[in-house]
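The values are calculated or read from the model by the stated rules, or taken from the named source; none is laboratory data. Being a predicted model, the structure only gives us computed values, none of them experimental. In this analysis, Cβ positions are derived from the backbone assuming ideal geometry, glycine residues included, and neighbour counts consider all displayed protein chains. What goes into the accessible areas is simple: the full protein's heavy atoms, side chains included, and nothing from ligands, DNA or RNA. Shrake-Rupley method; radii C 1.70, N 1.55, O 1.52, S 1.80 Å.
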Amino acid sequence: MFVLFHRADWDVFRATGVAHLMSISGLHITLFAWLAARVVGAGWRRSGRLCLAVPAPTAALACGVLLAAGYALFSGWGVPAQRTVCMLAVVALLRLSGRRWPWPQVWLLACAAVLLLDPWALLQAGFWLSFVAVAVLFASSAGVDSAADTSAWGRSVSLLREQWVVTLALTPLSLLLFGQVSVVGLLANLVAIPWTTLVVTPLALGGVLWAPLWDAAAWAVRPLSAGLQWLAGWPGAQVSLAIASLWAGAAAVAGGTFLALRLPWMVRLLGLPLLLPALWWVPPRPAPGHFDLLAADVGQGQAVIVRTARHALLYDAGPRYHQDSDAGDRVLVPLLRATGERLDRLVLSHRDVDHTGGAAALLGQQPQADVRGSVEAGHPLHQVRPIGRCVAGEGWDWDGVQFQWLHPPPDDDLARGKPNTHSCVLRIDAASSANAREAGGGHRAGASALLAGDIERAQEAALVASGAPLRADVLLVPHHGSRTSSSPAFLQAVAPRTAWVQAGYRNRFGHPARDVAARYAAEGIELVRTDLCGAISWSSVRREQVGCERDRTRRYWHHASPEVFRTERGSE
């Protein structure tokens, strides 16, 4: 497409299930191939000499595929475009060879050709959505007489049925891949597909020959966008569910496919039980009195999810990458959706953009969450949601887990000094740890964590001098491992088993600094880094174990051995 859309537009397209129409997709490539074949065929038949040399249907088919490949190359040669051209070429070669294979063989050959061209296509959601949709359409139409009803009404009913079949079959797959599905998608696509296919796309393609047609295409999108925004505003227009395990998701996809097949309804209904495990999937949660942590890999920024038995908190919202992209939209919202989390509280440790960059996008998708932080009254985020202050000495209890603010003090003036110095420092204690502290026992009696924001040496010294309860199993390293923080006295007071650094790969600040990393190593503290580890996970139940996402889901291009990987984490 040649129309520029903003992020808010794409949010509407995703909510209504029409995002596939607003890019250079397989539908557009196929439409171009069909139009090119029709034009070439009509012109070819006007020349007797050409027809004697090459039959018009053969010329039309070959030229249609070649011109579609040229269009795909002109549009940027994206992965979906490559996949579509490959599929069209396979089908065209079969027809030109005079072979009439059954559709499963044609489908499998097209799959094999695409994977031969791009083996990594198996890791792309678009590959599965495209091929499952095509397979279901073939299977549900097998044995149907295509000439049964060629009237306008018959064609309309056929198109309606095909859209219903694709929606029914792909809904479980969409839930498995994205954790969300558009409830209004069927209605939206019934309008958007013909309008985009017959009006918007031809105008956009015609703009190559006459530029004013691009303006006409942009105008044609406006009424469609208005209608889609109206649909997206419906209550429950989009449903989000936690992404189920692989076995439950695969069963749901099989169930949706079974329901879409052309079988008696009493037989199709047998696919309903296969949907239930994915629809009612509930991810495991910590037991009462315990909590877990997940430091998301957001690049050069900070975002830690804290979960208890029935509550969830997000400590910081990651960075803003550029004007139209931030960690909230790109990482945190999809992550929370995939895990089925509804935030009860968002903590913004201070106002720096690497901690608040994703807050607006996040709050737009989590309307129930309240916000606490050290953000001055004039900050634009106060217009999105009121922000209460974090004040040392205050705290709360969730499901037997104690949360306590250790910094900043009540008289702290947010308008003065560096934002880092006002960072909210949050201590979290599992039930056994909190009970031990109340009884005067050691903090090692239970699991605990200390999230220190971007405090610097002066604030660390003040916390140590005040006698605040600092000792913890996990420390979120202050200021991403900058030289301004992690003083020896502070590290000795906290004495964590592991310390976590959230920093971007080869970031321009050099975080964590080498002398700071050496300081942790000298204290016998394992330093775990998101730039090397990926997302970091930990549970108060198994406090000796720290999980690295790159260890858990290692790819073959992650070539460093586990021994080298852990040595780098501790030495750099």
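Within segment 373-410, the residues that satisfy the criterion of being open to solvent by 60 Å² or more (accessible area, probe 1.4 Å) and more than 23 Å from S432 (Cα to Cα) are A377, G378, P380, Q383, V384, P386, R389, P410. Checking every residue in segment 199-209 against the condition of being open to solvent by less than 30 Å² (accessible area, probe 1.4 Å), over 18 Å from Q163 (Cα atoms), aliphatic (A, V, I, L, M) and touching a Pro at 6+ places or on another chain (Cβ under 8 Å) gives zero matches.
In segment 473-536, counting only strands (runs of 3 or more DSSP E) that sit wholly within it, the ones holding 2 or more residues that are more than 19 Å from I455 (Cβ to Cβ) and touching a Ser or Thr at 6+ places or on another chain (Cβ under 9 Å) span 526-529. In segment 545-570, the residues that are at pLDDT below 50 form Cβ pairs under 6 Å with partners that are of a type in the set (K, R), at six or more places apart or across chains, as follows: R569/R529.
For beta carbons closer than 6 Å, sequence separation of 6+ or different chains, a first residue in segment 117-131 that is farther than 26 Å from V18 by Cβ and a second that is surrounded by 18 or more Cβ atoms within 10 Å (Cβ to Cβ), the qualifying pairs are L117/C86.
Of everything listed in (1) crowded, with 17+ Cβ neighbours inside 10 Å; (2) assigned to a helix (DSSP H, G or I); (3) aliphatic (A, V, I, L, M), the single unmet condition for A226 is (1).
Just so you know, in segment 30-75 the residues that are modelled with pLDDT of 90 or more and of a type in the set (V, I, T) include one that is nearest to A92 (Cα to Cα), and it is V65. Can you confirm whether V353 is of a type in the set (A, V, I, L, M), touching a Gly at 6+ places or on another chain (Cβ under 9 Å) and farther than 21 Å from G179 by Cβ? When the stated conditions are applied, V353 passes them.
Strands (runs of 3 or more DSSP E) fully within segment 294-333 that include at least 3 residues being open to solvent by 10 Å² or more (accessible area, probe 1.4 Å): 320-322.
Between S423, S432, S374, which is closer than 26 Å to P283 by Cβ, more than 24 Å from the chain's Cα centre (by Cα) and of a type in the set (S, T, N, Q)?
On the way: S423 fails: closer than 26 Å to P283 by Cβ; S374 fails: closer than 26 Å to P283 by Cβ.
One residue alone meets the criteria, S432.
Tell me which residues, restricted to segment 411-427, are within 20 Å of W396 (Cα to Cα) and either surrounded by fewer than 16 Cβ atoms within 10 Å (Cβ to Cβ) or of a type in the set (G, A, S) (or both). Even if it seems obvious, please write down each step before you answer.
Residues of segment 411-427 within 20 Å of W396 (Cα to Cα): 423-427.
If the condition is that a residue be within 20 Å of W396 (Cα to Cα) and either surrounded by fewer than 16 Cβ atoms within 10 Å (Cβ to Cβ) or of a type in the set (G, A, S) (or both), then S423 is the only one that fits.
Restricting attention to segment 313-338, the residues that are free of Cβ contacts under 8 Å to residues at least 12 places away in the same chain and β-branched (V, I, T) total 0. For segment 81-104, what are the residues that are over 20 Å from P57 (Cβ atoms), open to solvent by 60 Å² or more (accessible area, probe 1.4 Å) and assigned to a helix (DSSP H, G or I)? Hit for segment 81-104 is W103, nothing else. Annotation: of all residues in segment 230-265 being part of a helix (DSSP H, G or I) and surrounded by fewer than 16 Cβ atoms within 10 Å (Cβ to Cβ), the one that is nearest to the chain's Cα centre (by Cα) is L246. Candidates are the residues of segment 360-372 that are touching a residue at least 12 places away in the same chain (Cβ under 8 Å) and assigned to a loop (DSSP other than H, G, I, E, B); the one that is surrounded by the most Cβ atoms within 10 Å (Cβ to Cβ) is Q366. Does A169 fit the bill of being open to solvent by less than 30 Å² (accessible area, probe 1.4 Å) and either out of contact with any Lys or Arg (no Cβ under 9 Å at 6 or more places or on another chain) or modelled with pLDDT of 85 or more (or both)? Judged against the criteria, A169 is a match.
Taking A60, is it open to solvent by less than 50 Å² (accessible area, probe 1.4 Å), assigned to a helix (DSSP H, G or I) and in contact with a Leu (Cβ under 7 Å, 6 or more places away or on another chain)?
On the way: open to solvent by less than 50 Å² (accessible area, probe 1.4 Å): yes; assigned to a helix (DSSP H, G or I): yes; in contact with a Leu (Cβ under 7 Å, 6 or more places away or on another chain): no.
No, not satisfied.
Residues of segment 464-477 that are out of contact with any helix residue (DSSP H, G or I) (no Cβ under 7 Å at 6 or more places or on another chain), crowded, with 18+ Cβ neighbours inside 10 Å and free of Cβ contacts under 8 Å to residues at least 60 places away in the same chain: V477 alone. If you check L67, L52 for being over 29 Å from Q124 (Cα atoms), over 32 Å from the mean Cα position of the chain (by Cα) and surrounded by fewer than 19 Cβ atoms within 10 Å (Cβ to Cβ), only one passes: L52. Contact map, segment 339-359: residues that are within 22 Å of G395 (Cα to Cα) paired with residues that are acidic (D, E) and outside any helix (DSSP H, G or I), Cβ distance under 7 Å, separation 6+ or inter-chain. Pairs shown: R345/D370; V347/D316; L348/D316; S349/D316; S349/D454; H350/D454; R351/E376; H355/D316. Within segment 483-490, not a single residue is closer than 22 Å to Y321 by Cα and surrounded by 23 or more Cβ atoms within 10 Å (Cβ to Cβ).
Reported count of residues in segment 388-410, each being more than 24 Å from A493 (Cα to Cα), within 31 Å of the chain's Cα centre (by Cα) and part of a loop (DSSP other than H, G, I, E, B), is 1. Applying the set (1) modelled with pLDDT under 90; (2) over 30 Å from A359 (Cβ atoms) to W281 leaves exactly one unmet item: (2).
The sole residue among L186, L205 that is touching a His at 6+ places or on another chain (Cβ under 9 Å) and either not in a loop (DSSP other than H, G, I, E, B) or not charged (D, E, K, R) (or both) is L205. Inspect segment 265-284 for any residue being free of Cβ contacts under 8 Å to residues at least 12 places away in the same chain and among the charged types (D, E, K, R) and give the result as yes or no. Within segment 265-284, one or more residues are free of Cβ contacts under 8 Å to residues at least 12 places away in the same chain and among the charged types (D, E, K, R).
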